[in-house]
1. What's the number of the only condition in (1) among the aliphatic types (A, V, I, L, M); (2) closer than 20 Å to Ala269 by Cβ; (3) modelled with pLDDT of 90 or more that Val77 fails to meet?
2. Taking the residues in region 234-280 that are assigned to a helix (DSSP H, G or I) and of a type in the set (S, T, N, Q) as candidates, determine which candidate is surrounded by the fewest Cβ atoms within 10 Å (Cβ to Cβ).
3. For residues in region 51-66 being within 38 Å of the chain's Cα centre (by Cα) and among the hydrophobic types (A, V, I, L, M, F, W, C), which is nearest to Ala248 (Cα to Cα)?
4. I need the full set of residues from region 213-262 which are touching an Asp or Glu at 6+ places or on another chain (Cβ under 7 Å) and at pLDDT 90 or above, in order please.
5. Filter region 218-233 down to residues that are surrounded by fewer than 22 Cβ atoms within 10 Å (Cβ to Cβ) and among the polar types (S, T, N, Q) and give me whichever is farthest from the chain's Cα centre (by Cα).
6. Test of understanding: among Tyr183, Tyr153, which residue is under 28 Å from the mean Cα position of the chain (by Cα) and on the phi < 0 side of the Ramachandran plot?
7. Out of the residues in region 203-217 meeting the condition of being touching a residue at least 40 places away in the same chain (Cβ under 8 Å) and more than 14 Å from the chain's Cα centre (by Cα), tell me which one is surrounded by the fewest Cβ atoms within 10 Å (Cβ to Cβ).
8. Could you look through region 178-198, keep only residues that are of a type in the set (S, T, N, Q) and touching a helix residue (DSSP H, G or I) at 6+ places or on another chain (Cβ under 7 Å), and pick out the one that is nearest to Thr118 (Cα to Cα)?
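The values are calculated or read from the model by the stated rules, or taken from the named source; none is laboratory data. Because the structure is predicted, anything quoted here is derived from the model rather than measured. Cβ sites come from the backbone with ideal geometry, for glycine too, and all protein chains shown count toward neighbours.
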Amino acid sequence: MNIDDYESLPTTSVGVNMTAGAIAGVLEHVVMYPLDSVKTRMQSLTSPASDLNIMSTLRNMITREGIMRPIRGASAVVAGAGPAHSLYFATYEMTKEQLTKFTSLNHLNYVISGSLATLIHDAISNPTDVIKQRMQMYNSPYTSVLTCMRDVYQKEGIRAFYRSYSTQLVMNIPYQTIHFTTYEFFQNKLNLERKYNPPVHMIAGGAAGACAAAITTPLDVVKTLLNTQETGLTKGMIEACRKIYRMAGPSGFFKGMTARVLYSMPATAICWSTYEFFKFYLCGMKPDQYKSSITGRSELSPSRKADTDYVLPKSTAVDDVDEHETSSPPVKDAALLHPTPPTVNAAGAIKTVCELSTRPAAPTINLHTRHTDVKSPYDRGFSST
């Protein structure tokens, strides 16, 4: 590993990344949970208030079902978001760092790292999403997480908690690809050295969440239908798409897009800024020593095997022999900068040093002599001896 590769490595460990990711995931979902409940209501196909805007939907939930209705089911998210985001961020950081040894394509690195992190994250979070959305939907009979989990398991079996897993992967892999690529893009533009910079983390996170959420809204509507099962038993993604199109038309796939973007933009900004803060805080380093991730300049750079660490000096005698044998022209720059003394012959560097040591000492120069005082060659500050 050369010095450039060493300096490009992050200063945080896997344990720090996991701890920071768990805290960031829980805080993100808890803070934005009421807006997530509004999004689920707006994506519902059977809710009588599904055509309302964001504020009207939130007001309707509070006035008809109580002030605590928008946060019902939040405990399920807290239980699932911690371990899911812990492995999510640790997997992404570790995979991104390891892939720098095998590929020089930035976007390919982000796609592979984000996809692998999504596989692990969704395997943990998918059951909690089912419980959360069953409790968020209109006219839900569930008032506690344990009651909902037990009832779903008894009526539909364990497969109910992973019925939308394939759809969630189809949605989240492009979502996370856009998410991480956008975040890294803004980081490379605004924070190339990967220092702790809260404004940049919030801007990059918010932009990443907004872009990814807007593009993947149709798949999120399909996932909501599979999780809630509010139109009867829906077995797969294709059947869910047919039901949405039949009941709401093409515009049904974009239900709740505004709420989803307004939810994802601050949520990802909170998530990334919290994650970067705790990474910086837990590593215990000074700001000038801290590096959160591999940087854009030295990231994904191909290895240079031809580089040499040490350059040995060449003998002057060998150079002279090579010049006589090959009859190559001498280097002009070297001759101008270091002219050969007239006493030096072709015997080599050792004889040159010996002869130079026996040369008579040069006359001393009197630096106090003024130019106007010079009258003769012996009055210029040189001794007559």
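1. (3)
2. Narrowing region 234-280 to residues assigned to a helix (DSSP H, G or I): 237-248, 250-254, 257-280.
When the remaining residues are screened for being of a type in the set (S, T, N, Q), the result is 251, 258, 264, 268, 273-274.
Numbers: Ser251: 10, Thr258: 15, Ser264: 30, Thr268: 27, Ser273: 23, Thr274: 22.
The extreme case among them is Ser251.
3. Step one: of region 51-66, the residues within 38 Å of the chain's Cα centre (by Cα) are 51-59, 61.
Narrowing the set further to residues that are among the hydrophobic types (A, V, I, L, M, F, W, C) leaves 52, 54-55, 58, 61.
On the way: Leu52: 15, Ile54: 19, Met55: 22, Leu58: 22, Met61: 22 Å.
Step by step, filter region 51-66, then rank; the result is Leu52.
4. First, pick out the residues of region 213-262 that are touching an Asp or Glu at 6+ places or on another chain (Cβ under 7 Å): 227, 260.
Answer for region 213-262, where residues must be touching an Asp or Glu at 6+ places or on another chain (Cβ under 7 Å) and at pLDDT 90 or above: just Arg260.
5. Ranking the candidates gives Thr231 first.
6. On the way: Tyr153 fails: under 28 Å from the mean Cα position of the chain (by Cα).
Unique residue meeting the criteria: Tyr183.
7. Among them, the one singled out is Ile215.
8. Looking only at region 178-198, we keep the residues that are of a type in the set (S, T, N, Q), and these are 181-182, 187-188, 191, 197.
Now narrow it down to the ones that are touching a helix residue (DSSP H, G or I) at 6+ places or on another chain (Cβ under 7 Å): 181-182, 187, 191.
Numbers: Thr181: 14, Thr182: 16, Gln187: 21, Asn191: 25 Å.
Only one residue fits best here, namely Thr181.
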